[in-house]
Every structure is written in structure tokens, then in C-alpha cells.
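A short reminder: the numbers here are calculations on the coordinates, not readings from a lab. Just so we're clear, the structure is a prediction, and the values are computed from it rather than from any experiment. Methodologically, a virtual Cβ is constructed for each residue, glycine included, from the backbone with ideal geometry; neighbour enumeration extends over all protein chains shown.
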Amino acid sequence: MSGGSYNYLCAALDLPDLSQQQWQLQKMSDRLSGLGYAADAARETEELLVLLRQWETRAMVRVERLSDLWKAVEWWDSGDTGEEAVKDALEKYRGDS
């Protein structure tokens, strides 16, 4: 059987797939570095990994800031709470309270 040594990293063609393949990206970068003649490709693979990690960190900071507000809107739209919960969550998001 051929392929699969890097969990089919070559087929990870979108952000969710790449995000789940960070360990494989590191292994690929290391492998390319070890070849001695693919330093540029190793560096770009490593840069991609750094970008993914930065994006994840930045995204999660925003998710943490927004999640209570999203919940309030979702529950209001589902009929579980009222508009006041959204206003309260918005104040908290903005740092007003």
C-alpha cells in the first residue's frame, strides 16, 4: 500500500483539514529539512504551521470574547430568553459592566 506516511497530508486542502494535521505538518517540515536540498520547502511548511497556530490563538481569543453574546442571541432567537439577556451580554462584551 502506498501513501499515508503523513496521514495523507497532501489531501489536506482546506483550513479545517490543515488545522487537524499540525503534527503531520511538523513531521513533514522536519523531513524536508533533513533532505538537505529542500530547506526552502521545509521553511515554508514551518511558516504555514506557525500561521495556523497564530490564527488558532487569535480566533480562540475572539471566540472567548464573543461566546456569551452568541449564546444570548441564540437563546433569544430560540425563545429561551429575551432581548434583555442580549443587552446584558453585549454590555459584558463591551466591558460596560
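Observations, loosely collected:
- Base-10 log of normalised Debye intensity for region 8-95 (one unit scatterer per alpha-carbon) at q = 0.16, 0.24 Å⁻¹: -0.71, -1.07
- Lys/Arg +1, Asp/Glu -1 at C-beta; the chain dipole; positive extreme among Gln21, Tyr8, Ala41: Ala41
- Using 0.36 nm per residue and subtracting the Cα-Cα separation, the extra length available between Leu48 and Glu74 on full extension is 5.9 nm.
- FRET efficiency, Arg65 to Ala39 (Cβ-Cβ, R0 30 Å, nearest 0.05): 0.15
- For region 16-61, the fraction of alpha-carbon pairs in successive 5 Å shells from zero, as %: 5, 25, 27, 20, 13, 6, 3, 1
- Charge sum, other residues only, whose C-beta stays under 11 Å from Gln26's C-beta, Lys/Arg counted +1 and Asp/Glu -1: +1
- Normalised by the number of residues in the chain, the mean separation of alpha-carbon contacts (under 8 Å, six or more apart) gives a relative contact order of 15 percent.
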